[in-house]
Amino acid sequence: MTKSARQQFYRKASAVTLLAFLGFARPTFGTIRYRISVAHPEEHIFHVVLHVDTRENEKVLTVALPAWDALYQIRDFAYRVRDVRAFESGPQKVLLKAQKVDKQTWQISNPGSAAGDLIIEYSIEWDSPGPFSSQLNGHHAFMNLAEILMYVPDRRTEDAAISFDSLPDSWKTICELPAGKEANSYTAPTYDALVDAPVEAGKFDEFEFDSGGAHFRAVVDAVSYYKPSLEGALKRIGAYQSQLMGGLPFKEFTFIIHVGSYSETGSGGGMEHMNSTAIAAGSMEGVIYVAAHELFHVWNVKRIRPQSLEPVDRTKEQYTRALWFAEGVTDTYQNYTLLRTGLWSKEAFYEDLAGQVCDLQSRPARLWQSAEESSLDAWFEKYDFYNRPDRSIWYYNKGQILGVLLDIAIRDATDNRKSLDDVFRLMNDEFARQGRFYDDHEAVPAAVVKVSGKDFSEFFARYVFGTAEIPYDTFFSSAGLAFKIETFRTADLGFWAAKTLNGLAVSAVESGGKAEAAGVREGDILLEINGQAFPPRITEWLRDRSPGERVRLRIRRGGEEKEFTYALGMQSDNHCRITEAPHPSDGQQRIRDGLLRGSTD
């Protein structure tokens, strides 16, 4: 998730030799080398060997494994590590003391204290599907390297090199980094650049194409797929976003695509990287949807980047107020891309936007948690209780809505002469292309003012930094759109459910509700309702029920099964619609057309 580079790996061997001949100390910057063995992939264990050139009088070498990567969650990858050993390089391979000093850090004693090569070996187990984790099995290997590779904390800026061995005969590797001299090897100018390039190994299909002035590679792991359709969609996405932003910021980009039961397991989605992305989805339609989001990330968050995320601190939480913009408004541009390339109809765009509004309006927490606060609280998302509608909103959801409304407001304030597109192009020029990072709180409002020439302080104070209810009718009317929300009363179970390793379980129980009174508790495994298997789509099941209807719930708690009977409660269910106003004014029509086409007057 940090800065990557396209330079070729090299070492100044001649300079090192000359300095050694003249009696000078060796340079402090060397190459930190990694080797990963995937022998016996069915065991799910990556065997890692790390070579570090130590410095003169360096009595202790500290190495660590990141505590987080890919998700804003402390996941403590070190709990997967075992068999950490260290050696002094040489014919005898002298064993050194490797002492663990905290949950993610080890110290290696170097008794000779002479400059030389230390070797650190360890194993780490991974078999988790999806783009946010790593996986090794008999089918393939997918690696988010920050979840696997230890680093030397004060030497992350040194050259890095990695190679893969013991691959099954039919496997190959792909990674968006310069190739090394050996097969299945890659180089990077820093540790951060190395781990920002995921690796796929296996018997995948692949194809290449050019779009938007850059070369793309697509790696596809799927039972079957129609290549012309996927390639055509990816080409259109690349060409449109290149035109939007004035050119792609790379010469080469890699899509790593997995298609399978990721939607069912909750492990699907996409993960952005500087010059690549990893995508997991249940269908090719899902892949295309995510690809439009992930490619826009090469600007928004990877290069147009909030200051709070730099430099990356891999040891603890790293807080930012800007995720509503970095992720939520990227969702806005994901949908703009699909709409403006013809991959979506305008009706699909309206339907999705209306659904997002309904989702936000169904969460009571919108009245006290702002988009900025939701961004700061991203680290709570691993807790089911936090995700309850009365506890939090989601920066993706509100950010996507704010992106569209801000775009309409800019167009309205400038008679459709400027748009949110211009804000992104300005921020790309002033931050990304200058190698600068933006202030989380102040930069976006400042860019909007600079583009529009108007005061937008009230918009940000009320809807981004604050929790004022959004007047949707007012905003949508400016674009010749009509907004309608209808509220229906539906049955309510009185608890929330989430998938766990043991099955579908109660994640939280409504305080004071009928389920709680009946005895339902958080953590109960849901087995049956009314004598039938508990439905995977409980919302659809509830649509056919009425408040007050009695239900019989069977659960497992510990090793014991229990049954509860109680009456369903009542909840409000919103249905939102966005349609085109039948008789828009000239100004409304131009703003609506500009929004749909990505154009200005």
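If A239 satisfies all but one of (1) in a helix (DSSP H, G or I); (2) aliphatic (A, V, I, L, M); (3) closer than 18 Å to M143 by Cα, what's the number of the condition it fails?
Here A239 clears every test but (3).
Could you tell me which of the residues V451, V404, V464, V444 is touching a residue at least 40 places away in the same chain (Cβ under 8 Å) and either in contact with an Asp or Glu (Cβ under 6 Å, 6 or more places away or on another chain) or closer than 30 Å to T500 by Cβ (or both)?
V451
Grab the helices (runs of 4 or more DSSP H) fully contained in the range 407-526, keeping just those with 1 or more residues being crowded, with 20+ Cβ neighbours inside 10 Å, touching a strand residue (DSSP E or B) at 6+ places or on another chain (Cβ under 7 Å) and among the small types (G, A, S). Step through it out loud before you land on a result.
Numbers: elements: 420-430, 443-452, 472-478, 514-518.
Hits in the range 407-526: 514-518.
Hey, among Q318, Q369, which residue is outside any helix (DSSP H, G or I), surrounded by fewer than 18 Cβ atoms within 10 Å (Cβ to Cβ) and of a type outside the set (A, V, I, L, M)?
Step by step, each of Q318, Q369 is checked, and only Q318 is outside any helix (DSSP H, G or I), surrounded by fewer than 18 Cβ atoms within 10 Å (Cβ to Cβ) and of a type outside the set (A, V, I, L, M).
Residues of the range 436-490 being among the hydrophobic types (A, V, I, L, M, F, W, C) and modelled with pLDDT under 95, which ones? Working first, answer last.
Here is the first cut: in the range 436-490, the residues among the hydrophobic types (A, V, I, L, M, F, W, C) are 437, 443-444, 446-449, 451, 456, 459-461, 464-465, 468, 470, 475-476, 479, 481-483, 485, 488.
Once the filter is applied, which keeps residues that are among the hydrophobic types (A, V, I, L, M, F, W, C) and modelled with pLDDT under 95, the range 436-490 yields I485, F488.
Yes or no, residue by residue, for (1) more than 20 Å from G494 (Cα to Cα); (2) among the β-branched types (V, I, T); (3) free of Cβ contacts under 8 Å to residues at least 60 places away in the same chain; (4) surrounded by fewer than 13 Cβ atoms within 10 Å (Cβ to Cβ):
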| residue | (1), (2), (3), (4) |
| --- | --- |
| L542 | no, no, yes, no |
| E549 | no, no, yes, yes |
| G558 | yes, no, yes, yes |
| L568 | no, no, no, no |
| H575 | yes, no, no, yes |
| S585 | yes, no, no, yes |
| R590 | yes, no, no, no |
| L596 | yes, no, no, no |
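Quick one: which of V63, V101, V49, V84 is touching a Pro at 6+ places or on another chain (Cβ under 9 Å) and modelled with pLDDT of 95 or more?
V63
Listed residues T173, T190; which is over 30 Å from L230 (Cβ atoms), within 26 Å of the chain's Cα centre (by Cα) and of a type in the set (V, I, T)?
T190
In the range 127-162, which residues are under 28 Å from D313 (Cβ atoms) and either polar (S, T, N, Q) or not assigned by TED's automatic domain parsing to the domain that holds A70 (or both)?
Selection gives S128, S133, S134, Q135, N144, T157.
Have a look at T500, T565, T579 and point out the one that is closer than 30 Å to L595 by Cα and of a type outside the set (G, A, S).
T579
Within the range 250-294, considering only strands (runs of 3 or more DSSP E) that don't extend past its boundaries, which have at least 2 residues that are in contact with a Gly (Cβ under 9 Å, 6 or more places away or on another chain) and over 16 Å from D69 (Cα atoms)?
Hits in the range 250-294: 252-259, 276-281.
I'm told A146 meets every condition in (1) buried (at least 22 other Cβ atoms within 10 Å of the Cβ); (2) in contact with a strand residue (DSSP E or B) (Cβ under 8 Å, 6 or more places away or on another chain); (3) closer than 23 Å to H258 by Cα except one. Can you identify the failing condition by its number?
Every condition holds for A146 apart from (2).
The values are calculated or read from the model by the stated rules, or taken from the named source; none is laboratory data. All values derive from a computational prediction rather than experimental measurement. Cβ sites come from the backbone with ideal geometry, for glycine too, and all protein chains shown count toward neighbours.
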